[in-house]
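Scroll down for the structure; my scribbles are underneath it.
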Amino acid sequence: MAYRLLLLAALLGSTACTQTTTRGVRTNAAVQDDGRWPAVVSRVRPDAAQERRVDAILAKMSVEEKVAQTIQPDIGSVTPADVKKYKFGSVLNGGNSSPGGNETGPASDWLKLADAFWEASMSADWAGEKIPVIWGSDAVHGHSNIVGATLFPHNIGLGAARNPELIRRIGEVTALEMAVTGLDWDFSPTLAVVRDDRWGRTYEGFSEDPAIVRDYSGKMVEGLQGRAGTSDFMGPGKVIATAKHFVGDGGTLGGKDQGDNPSTPQQLRDIHGAGYPPAIEAGVQAIMASFSSVRGQKTHGDRDLLTGALREQMGFDGLVVGDWNAHGQVPGCTNTSCPQSMNAGLDMYMAPDSWKDLYTNTLAQVRSGVIPMTRLNEAVRRILRVKVRAGMFEKGKPSSRAYAGQFNLLGSSAHRAVARQAVRESLVLLKNQNRTLPLAANANILVAGDGADNIAKQAGGWTLTWQGTGVTNKDFPNAQSIFGGIQEAVRAGGGTATLSVDGRYTTKPDVAVVVFGEEPYAEFVGDRPALEFSPADKKDLELMRRLKAAGIPVVSVFLSGRPMWVNPELNASDAFVAAFLPGSEGGGVADVLIGGPGRAVRNDFKGKLSYSWPKRPDQTPLNVGDKNYDPLFAYGYGLTYGVNGNLAGLSEERPAGVSAGADGVVFGRAGLPTGWSLDLIEDGGTTVPVTGNAGTTGSGRLVVAGVDRRAQEDARRFTWNGTGGATMQFAAAQPLDISREANGELSLIVDYRVDQAPSAPVLLGMVSGAGARAGLPIAGYLRSAPMGQWTTMAIPLRCLREAGVDMQRVSAPVWISTAGKLTLSVSDVRIASAAVPQNQCGRP
């Protein structure tokens with residue numbers, strides 16, 4: 001409670017002072033505030049016996065063993081034999097890592113591999129006491145890497161539920177299901193206070209309001225770890241929790257992932273840091289540093305934050321872990337060498353694929369004194385302290401522990417009931433014209449839209465795979481789609497539910513439920529330049545309008561990771577529900593939409609927006625308490641069945657110049673991200689930027705013109721005349737770091753049409769570093785493509801990296817070059833998970 005008392009004193013100050021208040025943030029203009037963080041008294045009290053044990057273990061360790069404890073490789077690039085050799089302190093599975101590389105493999109494979117890593121660490125030749133390895137995982141909405149696990153709504157939906165006790169229960173279920181598979185450590189909860197919804201991780205944040213994040217953070221920690229000060233703490237079925245990402249990741253300029261947060265020290269503490277004091281008070285044992293920067297300084301190298309704020313001011317005594325090779329972004333560092341991070345206060349490097357050279361370099365830096373031995377000892381002491389507190393030295397191998405191997409607990413009926421409650425309480429009703437809802441259980445209901453029977457879409461990113469893509473309903477054996485839930489409810493009530501994704505029907509239904517929304521995504525791929533929901537084909541909007549024109553009431557269920565501008569879809573709907581990303585329990589949607597006899601309310605809407613809903617697609621940042629705050633639906637909005645839910649027609653005018661699509665898009669709808677350029681270059685000639693729809697190189701070797709695909713001149717046709725080498729390229733405004741994306745499942749995806757086959761070799765690649773070009777041959781793909789038809793090429797980023805692209809400094813994400821004749825139209829270029837089979841690394 002100490003941090004609350006200090007905050008109260010700091011915020012109230014003199015009664016004579018003028019105060020200004022926003023939701024969750026109270027400041028006092030007359031009291032000098034240096035941005036100091038509050039002192040926090042953790043409910044996990046220092047234990048003298050535990051500290052003596054840590055000191056005894058540390059005293060017998062070799063310097064090599066100490067360094068290895070500070071490095072965390074990914075299971076995709078490290079083996080149990082490596083763990084035995086090096087004695088690493090931890091391993092992790094990234095979003096696309098899994099036992100044997102099989103992301104949809106059985107849960108038993110996870111437990112077997114957990115045993116293998118543990119046994120490797122315990123059979124190593126230690127200088128003193130054997131130290132068990134621990135396994136960390138992103139179980140961010142349930143144990144979401146595991147087939148059959150319970151999937152909870154993502155945090156944005158939980159924020160709408162306004163139920164801290166439910167959050168604690170979700171933590172308990174998540175921890176128990178992790179224990180089933182033998183894992184020790186959850187990289188959760190995310191405590192980002194999201195202030196710009198263009199950020200692709202918006203759904204990982206509970207709210208734009210620090211008050212909700214503050215109320216939830218300690219509860220999730222308590223659910224995962226158990227209540228500190230009781231026998232439940234780190235007991236059977238509990239895991240280590242991680243508060244992340246410290247600090248300010250939800251406030252980067254433009255909502256850019258891994259970008260810069262310009263907040264003042266006071267704003268950083270009171271808004272973006274609001275969740276950390278309660279998490280520390282609840283006894284959180286790990287805190288993950290953020291990829292992002294604060295006022296231009298990368299957090300992974302910021303001693304004022306990692307040591308000053310966390311340890312010296314808030315008194316955090318657990319371990320600070322890095323994010324995925326994020327130490328490599330600190331100025332002067334690389335993925336394989338970064339003493340600056342450890343010296344700043346990082347205790348454990350997350351080094352998924354860089355671990356071997358990082359170990360070697362860190363060891364050399366300790367021996368040379370670049371990293372003081374005192375700092376290394378402090379880092380290892382913190383790691384050992386967490387392991388001792390978590391009982392890792394006594395628990396035995398993973399399969400021998402309580403609940404291990406009880407795979408029937410994954411997605412059990414009791415766990416799914418908690419998730420279903422979370423779905424019911426997180427739904428937000430935005431419109432209910434003429435009381436369209438609830439629906440009669442004996443009605444003839446048409447269920448339409450590509451989200452209706454699509455569990456992957458309703459679950460979103462960080463589900464089995466990093467981006468949540470490449471999986472189907474068969475990969476979710478313990479889940480129910482939204483259609484499945486509606487069908488179950490109306491069958492019980494004497495009605496019928498018919499699935500028709502495109503909305504076609506033979507017998508006119510009484511009502512249509514259209515389930516639509518964003519495709520799954522995670523960080524980077526999910527970043528957007530604006531908040532318009534704008535799929536290129538507009539199929540969802542056309543479907544709604546067609547049904548309404550036929551006199552069928554339309555109930556829309558919108559799946560999204562953020563509030564979005566959906567005015568046209570709202571106008572085309574009689575009722576509109578923001579379901580966010582509900583997870584595995586589609587039946588929770590039916591619980592609220594489908595009434596009892598005579599349309600009696602079975603479960604009312606409880607959800608209230610934890611994020612403000614935009615009135616225009618360019619209306620961001622948009623946060624309660626802002627000057628000139630003017631949302632379409634304010635923070636806290638949410639209808640119930642007992643109020644008038646009518647909504648007047650909304651403006652569908654789209655402001656000129658508003659960008660659409662995701663920031664993973666290099667080129668789309670004839671547009672480029674702000675500041676980017678389309679350039680034409682002749683070999684040995686100058687670069688010619690194309691400012692309109694058409695352009696040409698100096699001697700006409702390469703000509704570009706607008707061409708239609710889905711709309712007027714929304715694509716570009718490039719014509720090489722064969723008189724010499726020439727290149728087209730999309731150049732970024734600033735160099736991009738896509739090194740993490742290159743380590744995952746992502747590809748450079750090009751939608752193209754061959755109008756004249758190539759007469760000579762063709763290369764596709766990227767420009768990186770100091771202007772170096774590296775590419776792969778693609779003429780074989782172009783020659784085999786159907787002439788005159790749009791098709792897609794997906795080149796894995798790893799192929800381009802292997803070809804020589806410096807993925808940390810990409811200045812042009814795509815270029816295409818040939819000296820021969822070729823006419824090639826391009827409509828979309830993006831970096832994303834491939835929905836089509838990936839091409840190999842080039843084809844001459």
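Observations, loosely collected:
- On the stretch given as the range 198-255, residues that are part of a loop (DSSP other than H, G, I, E, B) and over 22 Å from E281 (Cβ atoms) total 8.
- Within the range 301-317, not a single residue is touching a helix residue (DSSP H, G or I) at 6+ places or on another chain (Cβ under 7 Å), basic (K, R), at pLDDT 95 or above and not in a helix (DSSP H, G or I).
- Filtered residue count, the range 333-385, keeping only those that are small (G, A, S), open to solvent by less than 20 Å² (accessible area, probe 1.4 Å) and part of a helix (DSSP H, G or I): 3
Rundown of residues vs (1) in contact with a Leu (Cβ under 6 Å, 6 or more places away or on another chain); (2) in a loop (DSSP other than H, G, I, E, B); (3) open to solvent by less than 10 Å² (accessible area, probe 1.4 Å); (4) more than 30 Å from D828 (Cα to Cα), yes/no style:
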{"position": "A489", "(1), (2), (3), (4)": "no, no, no, yes"}
{"position": "A492", "(1), (2), (3), (4)": "no, no, no, yes"}
{"position": "V501", "(1), (2), (3), (4)": "no, yes, no, no"}
{"position": "T507", "(1), (2), (3), (4)": "no, yes, no, yes"}
{"position": "E519", "(1), (2), (3), (4)": "no, yes, no, no"}
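- Per-region count, the range 250-271, residues open to solvent by less than 10 Å² (accessible area, probe 1.4 Å) and touching a Leu at 6+ places or on another chain (Cβ under 9 Å): 3
- Of the helices (runs of 4 or more DSSP H) entirely within the range 53-138, those holding at least 1 residues that are without any contact (Cβ under 8 Å) to a residue 40 or more places away in the chain occupy 80-86, 107-122.
- Top-ranked residue of the range 788-820 - restricted to ones that are outside any loop (DSSP other than H, G, I, E, B) and charged (D, E, K, R), ranked as nearest to I681 (Cα to Cα): R801
- Test: R195 is open to solvent by 10 Å² or more (accessible area, probe 1.4 Å) and in a helix (DSSP H, G or I): no
- Any chance L763 is of a type in the set (A, V, I, L, M) and open to solvent by less than 10 Å² (accessible area, probe 1.4 Å): no
- Residue within the range 404-417 that is in contact with a helix residue (DSSP H, G or I) (Cβ under 7 Å, 6 or more places away or on another chain), farther than 20 Å from G148 by Cα, outside any loop (DSSP other than H, G, I, E, B) and open to solvent by 10 Å² or more (accessible area, probe 1.4 Å) present: no
- Condition met for S811 (out of contact with any helix residue (DSSP H, G or I) (no Cβ under 8 Å at 6 or more places or on another chain), open to solvent by 10 Å² or more (accessible area, probe 1.4 Å) and more than 22 Å from T465 (Cβ to Cβ)): yes
- Of all the listed residues (T723, T719), the sole one being surrounded by fewer than 22 Cβ atoms within 10 Å (Cβ to Cβ), hydroxyl-bearing (S, T, Y), without any contact (Cβ under 8 Å) to a residue 40 or more places away in the chain and out of contact with any Phe, Trp or Tyr (no Cβ under 6 Å at 6 or more places or on another chain) is T723.
- Counted residues, the range 386-403 - those being within 14 Å of W135 (Cβ to Cβ) and either out of contact with any Leu (no Cβ under 6 Å at 6 or more places or on another chain) or open to solvent by less than 30 Å² (accessible area, probe 1.4 Å) (or both): 8
- Taking first residues from the range 812-830 that are closer than 15 Å to I749 by Cβ and partners that are among the basic types (K, R) and buried (at least 22 other Cβ atoms within 10 Å of the Cβ), the Cβ contacts under 9 Å between residues at least 6 apart in sequence or on separate chains come to V826/R716; S827/R716.
- Here G706 meets the list (1) small (G, A, S); (2) modelled with pLDDT under 95; (3) touching a strand residue (DSSP E or B) at 6+ places or on another chain (Cβ under 8 Å); (4) buried (at least 22 other Cβ atoms within 10 Å of the Cβ) almost entirely, failing just condition (4).
- Selection of the range 385-417 for residues being hydrophobic (A, V, I, L, M, F, W, C), in contact (Cβ under 8 Å) with a residue 24 or more places away in the chain and in contact with a strand residue (DSSP E or B) (Cβ under 9 Å, 6 or more places away or on another chain) yields V386, A390, M392.
- Restricted to the range 758-775, and to residues there that are assigned to a strand (DSSP E or B) and hydrophobic (A, V, I, L, M, F, W, C), the residue that is nearest to A794 (Cα to Cα) is L764.
- Scanning the range 742-757 for residues that are open to solvent by 10 Å² or more (accessible area, probe 1.4 Å) and outside any strand (DSSP E or B) yields N743, G744, E745, A757.
- Test for R740: is it among the charged types (D, E, K, R) and either in contact with a Leu (Cβ under 9 Å, 6 or more places away or on another chain) or touching a residue at least 40 places away in the same chain (Cβ under 8 Å) (or both): yes
The values are calculated or read from the model by the stated rules, or taken from the named source; none is laboratory data. Since the structure is predicted, the reported quantities are computational estimates derived from the model, not experimental observations. Don't worry about glycine lacking a Cβ; one is built from the backbone with ideal geometry, like all the others, and counts go over all protein chains shown. Side chains included, ligands, DNA and RNA excluded: accessible areas come from the protein's heavy atoms. Shrake-Rupley method; radii C 1.70, N 1.55, O 1.52, S 1.80 Å.
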